[in-house]
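A.B. asks: Below you will find the structure I want to go over with you.
The values are calculated or read from the model by the stated rules, or taken from the named source; none is laboratory data. What you see is a predicted model; the values in this text were computed from it and never measured. Positions of Cβ are generated from backbone atoms using ideal geometry, with glycine treated the same way; all protein chains shown enter the neighbour counts.
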Amino acid sequence: MATLKYSRQREAIKEFLNSRDDHPTADTVYENIQQIYPNISLGTVYRNLSLLVSIGEIIKITTAQGPDRFDARTTPHNHFICRDCHSVIDIEMEENGDLEELAAKRFAGIIEGHTTNFYGLCGNCTKKVQK
């Protein structure tokens, strides 16, 4: 693989994502990076996000509703996606290989990892419904 040329804008995107735990959308990334680089285009942000996903430096979280979200935390972890406000929240759980072992029993290939998304109402939306 060819060496990736350094880009200040790409580094700024990575730093922005590393500073957040709310899994921002590309539009949110763009709005914030534009404050540092006023001439950056939305297309440049999308291309850099796509590149960072493809080289494994960030994760793209595709939700059933709403835009994709991005996460700088690339270590295995699970997410909760709220069906009302569409927030994406990390769920801290003890990791174990049981799920991968169960899947491997029914799969002829090699399983190297997995992601799990949970869906429902987040705490804030649950409070709104209960009022």
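A.B. asks: Return the residues of the stretch 81-102 that are farther than 24 Å from Gln65 by Cβ, surrounded by 12 or more Cβ atoms within 10 Å (Cβ to Cβ) and of a type in the set (A, V, I, L, M, F, W, C); say none if nothing qualifies.
C.D. replies: Result: Leu99, single match.
A.B. asks: Quick check on the stretch 99-112. Is at least one of its residues in contact with a helix residue (DSSP H, G or I) (Cβ under 9 Å, 6 or more places away or on another chain) and in contact (Cβ under 8 Å) with a residue 24 or more places away in the chain?
C.D. replies: No: the stretch 99-112 contains no residue that is in contact with a helix residue (DSSP H, G or I) (Cβ under 9 Å, 6 or more places away or on another chain) and in contact (Cβ under 8 Å) with a residue 24 or more places away in the chain.
A.B. asks: Separate question: Restricted to the stretch 98-131, and to residues that are closer than 27 Å to Ile13 by Cα and hydroxyl-bearing (Ser, Thr, Tyr), which residue is modelled with the lowest pLDDT?
C.D. replies: Selected residue: Thr115.
A.B. asks: Something else: Got at least one residue in the stretch 21-36 being part of a loop (DSSP other than H, G, I, E, B) and free of Cβ contacts under 8 Å to residues at least 40 places away in the same chain? Working first, answer last.
C.D. replies: We begin by selecting, within the stretch 21-36, every residue part of a loop (DSSP other than H, G, I, E, B); these are 21-24.
With the extra rule that they be free of Cβ contacts under 8 Å to residues at least 40 places away in the same chain, the set shrinks to none.
Among the residues of the stretch 21-36, not one is part of a loop (DSSP other than H, G, I, E, B) and free of Cβ contacts under 8 Å to residues at least 40 places away in the same chain, which makes the answer no.
A.B. asks: Can you name the residue in the stretch 103-131 that is of a type in the set (Val, Ile, Thr) and not in a helix (DSSP H, G or I) and is also surrounded by the fewest Cβ atoms within 10 Å (Cβ to Cβ) among such residues? Talk me through it step by step, then tell me what you get.
C.D. replies: So the first thing to find is which residues in the stretch 103-131 are of a type in the set (Val, Ile, Thr), and the list is 110-111, 115-116, 126, 129.
Still in the list and also not in a helix (DSSP H, G or I): 110-111, 115-116.
Numbers: Ile110: 6, Ile111: 13, Thr115: 10, Thr116: 12.
By that ranking, first place goes to Ile110.
A.B. asks: On to the next question. Filter the stretch 42-80 for residues that are of a type in the set (Val, Ile, Thr) and surrounded by 14 or more Cβ atoms within 10 Å (Cβ to Cβ); which is farthest from Thr116 (Cα to Cα)? It would help to see each step written out before you state the result.
C.D. replies: From the stretch 42-80, those of a type in the set (Val, Ile, Thr) are 44-45, 53, 55, 58-59, 61-63, 74-75; that's our starting set.
Right, trim to surrounded by 14 or more Cβ atoms within 10 Å (Cβ to Cβ) and you get 44-45, 53, 58-59, 61, 63.
Numbers: Thr44: 30, Val45: 27, Val53: 18, Ile58: 16, Ile59: 13, Ile61: 11, Thr63: 12 Å.
Filtering first and then ranking leaves Thr44.
A.B. asks: Shifting gears a bit: Select from the stretch 68-122 the residues that are hydroxyl-bearing (Ser, Thr, Tyr) and touching a Gly at 6+ places or on another chain (Cβ under 7 Å) and list them in ascending order. Please lay out each step first, then the result.
C.D. replies: Kept after step one, since they are hydroxyl-bearing (Ser, Thr, Tyr), are these residues of the stretch 68-122: 74-75, 87, 115-116, 119.
If the condition is that a residue be hydroxyl-bearing (Ser, Thr, Tyr) and touching a Gly at 6+ places or on another chain (Cβ under 7 Å), then Thr74 is the only one that fits.
A.B. asks: I've got another one for you. Kindly evaluate Glu95 against the criterion of being in a loop (DSSP other than H, G, I, E, B) and either at pLDDT 95 or above or more than 27 Å from Leu4 (Cα to Cα) (or both).
C.D. replies: So Glu95 fits the description; yes.
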